[in-house]
Amino acid sequence: QACVGARLEFNGWSAKDYMLMPAAAYNGYRFEVRKMSYPPQLFDNNDLRIDSPTLITDVPRLNISSGASGIQQLTGDLATPAVGFYAKEAGMGFWLLTEQSTSLGDSGIAFEENSERSRAWVELTAPGMRRDYKYSMCNTLEECSDRGADFKEGDSAEIRFRVYFFKCSKIQQLFDYFTIIRKDMTGAVELRHMLPFSTAHEIIERKYNSQNWKNELGYYSVSLFDEIIYDWQVGWVGGMIATYPLLLDGNDLSRKRALRNFDFLFSGGQSPSGFLHGCSYKGKWYGDCFKDPAKPWHLIRKSSDALYQIIKQLMLMDKLEACQASSIHAKTEWLEGTRRLADAFVNIWRRYGQFGQFINTSSGDIIIGGSTSGGIAPAGLALAWQYFGDDAY
């Protein structure tokens, strides 16, 4: 078992420099870690803070403390097989691009730094061989079974890569430069037309109507499992997201059923604060606390998704009615409920200057803050301003 490779060494490195591996590490993921299984949720009272710092699960990362520090990945683990960094003091940026594989399979791509954080290395290997451990969901200590190649006399392997050095005065320029060069090793990507979108829509629509529809209560379940979090969720998955394509391009049955989801949601799915309950199961509403769904915890992402998608659908109803393509129109209780939801986002922003991650649905208080969980909420509020004409949004 062996591998061959290229190793680039950088002097003048600093722990303050920004390292990036596309879709695999941002700022080296040099953050505090909480080791927990999926789905990860904070419960320690010390972590239940409005001003919570960035906390991550046990993922490949650079060490926030002293000691060994490095990230080992395979090229297939990255959105683009590349690694880059912004060296602040030098005012320089760096990128390395490579191909995903060689004749030996996927390559290895790693970034390491010394214990003093004064030097760093970028390493490419063929084939990819992670040492000792590999990453699995929320666990960097999964036993690794990577194997090297058994080279014979005369064998060879070729690794093609390209390096870029450029002036860089801020982190954003590192990302901007990447958008320019990211296809340099692959050339233009040719689209392959395999399954028409219309056919894909028909397959999913048929599946939803035959398997996911709960006729007694009037909603599409998010899955076929008979558990709380798998029955109805207002956002994140399914819920008021799945109804949009069914309303937009579904058949008559799908449209009627999509509208029944609105009746279902706004006949009990909204909390006193204006935010929506995260889950429902057999007609009873639940929160998003994974240990105890009866607690009034709410993942703000769900109401954020719902606000955005609901108003898109209200706009669609108006458009369909205006062109006389349908007799669909929004009910008063749907409009009032949507305004209450938009108001809840305005209220929480005015109180905290953020949307948080988990909130108390009864009071509207943030339980855990410091998160981009509600990242789609500004888009929802922008649509609310367009639709209702309220400058507060």
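Some observations on this one:
- Only listed residue being in contact (Cβ under 8 Å) with a residue 12 or more places away in the chain and in contact with a Leu (Cβ under 9 Å, 6 or more places away or on another chain), chosen from ALA87, ALA82: ALA82
- Flag for LEU8 being surrounded by 14 or more Cβ atoms within 10 Å (Cβ to Cβ) and within 30 Å of LYS295 (Cα to Cα): no
- Contact map, region 11-28: residues that are in a strand (DSSP E or B) paired with residues that are loosely packed, with under 15 Cβ neighbours inside 10 Å, Cβ distance under 8 Å, separation 6+ or inter-chain. Pairs shown: ASN11/SER118; ASN11/ARG119.
- Pairs meeting the criteria (first residue in region 162-176 and crowded, with 16+ Cβ neighbours inside 10 Å, second residue of a type in the set (Gly, Ala, Ser), beta carbons under 6 Å, at least 6 apart or on different chains) are CYS168/GLY93; LEU174/GLY84; LEU174/GLY93.
- Qualifying positions in region 257-279 - out of contact with any Leu (no Cβ under 8 Å at 6 or more places or on another chain) and at pLDDT 95 or above: ARG260, ASN261, PHE262, ASP263, PHE266, SER267, GLY268, SER271, SER273, HIS277, CYS279
- Those residues of region 114-128 which are open to solvent by less than 30 Å² (accessible area, probe 1.4 Å) and under 28 Å from the mean Cα position of the chain (by Cα), in sequence order: VAL122, LEU124, GLY128
- In region 148-155 there is at least one residue matching the filter, namely being surrounded by 12 or more Cβ atoms within 10 Å (Cβ to Cβ) and under 25 Å from ALA68 (Cβ atoms).
One line per residue, one yes/no per condition, for (1) within 29 Å of ASP150 (Cα to Cα); (2) of a type in the set (Val, Ile, Thr); (3) at pLDDT below 95:
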| residue | (1), (2), (3) |
| --- | --- |
| THR75 | yes, yes, no |
| TYR86 | no, no, no |
| TRP95 | no, no, no |
| SER103 | yes, no, yes |
| SER107 | yes, no, no |
| GLU112 | yes, no, no |
| SER118 | no, no, no |
| VAL122 | yes, yes, no |
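- Scanning region 29-44 turns up at least one residue that is open to solvent by 40 Å² or more (accessible area, probe 1.4 Å), over 30 Å from PHE166 (Cα atoms), assigned to a strand (DSSP E or B) and among the charged types (D, E, K, R).
- Flag if LEU74 is surrounded by 18 or more Cβ atoms within 10 Å (Cβ to Cβ) and not acidic (Asp, Glu): yes
- Boolean, ASN251 is open to solvent by 40 Å² or more (accessible area, probe 1.4 Å) and over 24 Å from PRO39 (Cα atoms): yes
- Residues of region 184-207 that are on the phi < 0 side of the Ramachandran plot, open to solvent by less than 40 Å² (accessible area, probe 1.4 Å) and either at pLDDT below 95 or among the hydroxyl-bearing types (Ser, Thr, Tyr) (or both): MET185 alone.
- For region 312-349, a residue qualifies if it is among the hydroxyl-bearing types (Ser, Thr, Tyr) and either part of a loop (DSSP other than H, G, I, E, B) or exposed (fewer than 14 other Cβ atoms within 10 Å of the Cβ) (or both), and the qualifying residues are SER326, SER327, THR332.
The values are calculated or read from the model by the stated rules, or taken from the named source; none is laboratory data. Note that the coordinates shown come from a computational prediction; the quantities given were computed from them, not determined experimentally. With ideal geometry, Cβ positions are generated from the backbone for all residues, glycine too; neighbour counts draw on all protein chains shown. Side chains included, ligands, DNA and RNA excluded: accessible areas come from the protein's heavy atoms. Shrake-Rupley method; radii C 1.70, N 1.55, O 1.52, S 1.80 Å.
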